[in-house]
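Before any comments, here is the structure.
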Amino acid sequence: MFASGAFEALGRIQVGPKHQSLLSQVSHVSSVSGGSLASAYYVLKKPPSETPILTSSGELTEEYQRFFGQFKSTMAQDFESLLLWRQIFSLRWFNPAWTAKSLAEILGEEYLGKTKFSDVAQWEQDSSSPTLLINTTLYNDGRRLVLSTLSQDALQYDFISSLPAPSVTNQLERERERRLRARWDTLQSRTAQDLKIDICRIPVSAAVAASMSFPPIIGPISLHNEDEDQYWHIGDGGLSDNTGAESLIMVSLKQLQKGSARRALIILIDSSFPFSVGGAALNHRKEGFSLFSYDFSRIPSIMEERSVAYRAMFLDIAQHQGLLPDTRTISLIRLSHTHAQWKDDLSDLPESCRKEETSWRSPKEVVTHLAGIVTRLWLESTCDRDLILTSAAKVVAQNESKIREFLEQ
C-alpha cells in the first residue's frame, strides 16, 4: 500500500529541463518481501513508455490516473482470505511450502498474469520498463539471490580493487587481501546464472512469492536443477537485506566503476515494521513469547539491526576515506511511513479515520499508530489503508527538495 502511494507521489515530481516525471527517469526498481508485489505490479502493469506520465500543466495524464487508481486498489485487496481459501479447497492445509505455491498461483492468476522473465527482458530491451530486481534469500547458503535479467557481472562490484595494492614481498598484506576478498565475495548477490537455472523460464509471480515467503507461515519456494540433481530453497529477501537497496547499491557502484554511469540516486521506499515497536510491546509483557503472542520476525530482526548498523558504518567510513564515491555521486534518500509529518490539529487526517472515531490527539499518537500497523497481506481498516497512502504522499513531498537538490547539482 505504501509503495503504491509513493510511486504515484514520485510520478508527480517534475525534473529536468523538459519537466518530465521523475518516474520516467527511473532505470532500476529493486524490491524485497511485500514490496516485491508492488514493484512487480508497477513494472508489469504501467502504461507503455510512449504514454506520457504528466500533462503539459504538470498533472497526471488520464492513463496514469487510471493506472494509479487501479494500483492502489489492487494493493488493498484481501490476499489473506484468497490464500486461506486456496489452501483449504486445494487440500494443502498448513504446509508452508504449499502456501507459497498457492500465493504464486494467486498472484499469477489474479494480479501479475503469466508473465515470465523472458517477457520482462524484452520490455527492458525495448526501454518499455525499468530493470526489475527481485531480492530473495537462499536457505542453502544464506546468500542473497537476485532474480532479474541482469548479467552475473552487473551485480558484482569489486570493492577490493579500490584498496591500496599489497606489496609483492609482504606475505601478511597478501594474506589480508585474500581474507578480505573471500569475505566480500560472500556478501555479493547470487543470480539464477550462478544456480545454472534459466531465468527466462521463471514466472515473475513465483519470484514475487519467493521474495514474500517467510517461514513458518509461507515458503520457501524450491527450484530444481535437474542437470545436477540440486534443489535450491528460496525465501524472504528480508533475511539478507530488508530494504532491497543493497543489491541496487552494488549495481550502481559497478556502473560508476565502469564509467557507464556518472551519478546515482537511490530512493528507498521503506514501510517495514519498526524494530522498536516490538520492543515496546515486550516491555509490558510478563512472558516474552507465548503460543498466541510469538513474534516470528523478532529473532531475525535482532540480527538485522546489528548488520544494518555495521553496514552503515562501513559505507560511511568508506565514503569518508575515498574508497567509495562521495554523496554527491551516489546518494540514498529514505522514505518511511513513520517520518510523515502531521498538522498539530490533525486536520490533514483522512476522512475515513474520522468515521472510525480514532482517539488520537496529537501528531505523535498518529505516528505511533502508523508504526504499529503490522505488515500483513491485508489491512482490514479503511482508515489504516488511507493513512498509509496519505503518509506516502506526505513523506515524498517532505523529501522533494532533497531529490531536486541532488538531480540539479
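The values are calculated or read from the model by the stated rules, or taken from the named source; none is laboratory data. Remember, predicted model here, so these are calculated numbers, not experimental data. Here Cβ is always computed from backbone atoms with ideal geometry, including for glycine, and neighbour counts include all displayed protein chains. Ligands, DNA and RNA are stripped out before the accessible areas are found, and what is left, the full protein with its side chains, is counted by its heavy atoms. Shrake-Rupley method; radii C 1.70, N 1.55, O 1.52, S 1.80 Å.
Remarks
- Where a residue in segment 297-315 is among the basic types (K, R) and its partner, wherever it lies, is part of a helix (DSSP H, G or I) and exposed (fewer than 12 other Cβ atoms within 10 Å of the Cβ), with Cβ under 8 Å and at least six apart: none
- L133 out of contact with any Gly (no Cβ under 7 Å at 6 or more places or on another chain), modelled with pLDDT of 90 or more and under 30 Å from L256 (Cα atoms): yes
- Within segment 188-213, the residues that satisfy the criterion of being open to solvent by less than 50 Å² (accessible area, probe 1.4 Å) and in a loop (DSSP other than H, G, I, E, B) are Q188, S189, T191, A192, D194, L195, I197, I202, S213.
- For segment 290-318, filtered to residues that are farther than 21 Å from I373 by Cβ and modelled with pLDDT under 75, the residue that is most open to solvent (accessible area, probe 1.4 Å) is L291.
- Of all residues assigned to segment 341-349, none qualifies as being of a type in the set (S, T, N, Q), modelled with pLDDT of 95 or more, under 20 Å from M1 (Cα atoms) and open to solvent by less than 100 Å² (accessible area, probe 1.4 Å).
- Here H224 meets the list (1) buried (at least 18 other Cβ atoms within 10 Å of the Cβ); (2) touching a Phe, Trp or Tyr at 6+ places or on another chain (Cβ under 6 Å) almost entirely, failing just condition (1).
- Test: residue in segment 321-335 that is open to solvent by 60 Å² or more (accessible area, probe 1.4 Å), free of Cβ contacts under 8 Å to residues at least 60 places away in the same chain and under 26 Å from D78 (Cβ atoms): no
- The single condition among (1) open to solvent by less than 50 Å² (accessible area, probe 1.4 Å); (2) more than 20 Å from the chain's Cα centre (by Cα); (3) at pLDDT below 95 that R361 does not meet is (1).
- If you filter segment 111-147 down to residues that are hydroxyl-bearing (S, T, Y) and part of a helix (DSSP H, G or I), you find that the one that is surrounded by the fewest Cβ atoms within 10 Å (Cβ to Cβ) is S118.
- Per the listing D185, D158, the residue uniquely surrounded by fewer than 19 Cβ atoms within 10 Å (Cβ to Cβ), in a loop (DSSP other than H, G, I, E, B), at negative phi and of a type in the set (D, E, K, R) is D158.
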